Each structure stands twice: as C-alpha cells, then as structure tokens.
1. Could you state how much accessible area E94 has, in square angstrom rounded to the nearest 10, with a 1.4 Å probe and all protein chains kept in place?
2. How long is the gain from Q67 to Q105 if the chain were fully straight, where each residue apart is worth 0.36 nm and the alpha carbon distance is subtracted?
3. So if each residue of separation counts as 0.36 nm, and I subtract the Cα-Cα distance between N43 and L16, what length gain in nm does that give?
4. As a test of reading the structure, rank M38, M160, M63 by solvent-accessible area (1.4 Å probe, protein chains only), most first.
5. Which semi-axes, in whole Å and largest first, does the equivalent ellipsoid of the stretch 4-110 have when worked out from the alpha carbon gyration tensor as the square roots of 5 times its eigenvalues?
6. Suppose the chain between V138 and L8 were pulled fully straight at 0.36 nm per residue; how much longer would it get relative to their current alpha carbon spacing?
7. When all protein chains stay in place, what accessible area (Å², nearest 10, 1.4 Å probe) is found for D103?
8. If Lys and Arg each add +1 and Asp and Glu each add -1, what is the summed charge of the other residues whose beta carbon sits under 12 Å from the beta carbon of A46?
Amino acid sequence: MGKLFVSLYLYIIVSLVIVTGAIERLWPTEEQSTPLAMELGNNFKALAQSDLGRQYINSQYPMRLLQRSDISLPNELEQRLEQAQAVHVFNAEEHLLWYVPLDGQELLQIGPVELPKAPGENFVGPYLLVLLVVGAPVGLWSLMLWRDFNKLVKLVLRWMAAPILMSAEWVAPSYYPSPMPCR
C-alpha cells in the first residue's frame, strides 16, 4: 500500500514539474516582458541624448521633463539612475513609466504606456492541460482505489456475518496433562 501512495505522489510531482515547464513555454507570463522594458529603456536613453531623438520619443509616447527631487523611487532604482541607467516602473494602473537620466538632476519621464495584453490572456488552456495530465489520472486512480476498498469492506462484512460452525465433537486441545485421579 505504501508503494501505491509513493508512486501516486511521484507521478503528481513529476507531472506538475513537466506541465508547468510546458505552460511557461507555451504561454509566457508578464514577468518575461521585463527584458523588453529594459531594452526599450536603453533605446530611450540613447534617443534622449539629442533634440531630434526627444522629438521622436515625444511623437510616439507621452513625455515630460522632471527634476530628480520630484519623484521618489526605491533605493535600487535610485542607484541605477545615479549610474546613468534608464529605469522602468509600473504605475497603479499597471502602465509602464520610464525614467531616463539626462544630466545631474534632470529626468525624462516617458509614459505611461499601456502594454498590449497578450491574445488569449484569459485562455483556459493551461488549466485544461493540468486537469488532463494530473487530474484525470489521479481521479482514475482514486476511483479504482475506492472501488477496491468497497470490495474489501463487503468481503470483510460478509466474513464477519458468517456463523462459525463448531461441531460438538470438537475439543479444545489440551496442552497440559490431565490430573491424576485422587484416591
């Protein structure tokens, strides 16, 4: 019985690992868009170095000039700005904002930019895949185990209800010699 449960748990663990790997490949998540946002930030930084580049950015995205003291960012992002790197953050509406350092105290804010949602974001494919690969075999295993336990219970109940037939000639075995008659 222990082997049965161990094999079930191993199947569940291995199939979940395989299915989650397949889901990450087939349906990428929003976290995987971060390298794209970083690359866009680097492109904005290169374009912001010239007036023509800033005009191009302004024609494509909302843009405004800020002082560093106008915004408050986490320490890690502040350090990246001090190293003259562009940083991106998400606002409350989950739109991207880029901050591109121009000189010592000026920042160029680009955005907010709404990232397009991936087609089929509400797609139920990953859930169906998990249900088919993990849920169906576990459900079938449970159904078969439940059936076997029911058979076992019926067998035990039938065995317990059967009368024990004892013949009158049956005598309990004696392990002790009979006592000698007294005179």
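The values are calculated or read from the model by the stated rules, or taken from the named source; none is laboratory data. All values reported here derive from a predicted model rather than from experimental measurement. Note that each Cβ is placed from the backbone with ideal geometry, even for glycine, and that neighbours are counted across all protein chains shown. Surface areas here come from the heavy atoms of the whole protein model, side chains and all, with no ligands, DNA or RNA. Shrake-Rupley method; radii C 1.70, N 1.55, O 1.52, S 1.80 Å.
1. 120 Å²
2. Extending this stretch completely gives an extra 13.1 nm.
3. So the chain would gain 5.8 nm between N43 and L16.
4. Correct descending sequence by accessible area is M160, M38, M63.
5. 42, 15, 11
6. Contour length minus the Cα-Cα distance gives 46.0 nm.
7. 80 Å²
8. Residues near A46 contribute +1 overall.
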